[in-house]
């Protein structure tokens, strides 16, 4: 079977991490069983997929993309599911994070694999 590209594994890792973080909030400090189990399974999946990602994408680049996209996604989930609102400085900061991820992917020779 042909191996999926590193960025596909990274996308799965990011989505899994966002699911795990969302469930972590819902677990209420690991006092609720189902969200706690989802948290553990999602984080295991996230780190496994990240480890596969590191076969083809440098660790610094992978982590920058992981954290940048993860921050934006979890903020959107927090708004939608938990009603957590972001102020203008937070939105500006996230726009800068997105810009950083774009710059890394479009212009950095370090991102080449």
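The values are calculated or read from the model by the stated rules, or taken from the named source; none is laboratory data. All values derive from a computational prediction rather than experimental measurement. So basically every Cβ, Gly included, is an ideal-geometry build from the backbone, and we count neighbours across all protein chains shown.
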Problem - Search result, residues across region 18-61 that are closer than 13 Å to residue 6 by Cα and in a helix (DSSP H, G or I) - result: 48, 49, 50, 51, 52, 53, 59, 61
Fill in the blank from the handout: Only one of 15, 101 is buried (at least 16 other Cβ atoms within 10 Å of the Cβ), part of a helix (DSSP H, G or I) and in contact with a helix residue (DSSP H, G or I) (Cβ under 6 Å, 6 or more places away or on another chain), namely 101
Exercise for the section: Those residues that are assigned to a helix (DSSP H, G or I), farther than 24 Å from residue 57 by Cα and at pLDDT 90 or above, I need them from region 82-98; list them, please. Expected result: 88, 89, 90, 91, 92, 93
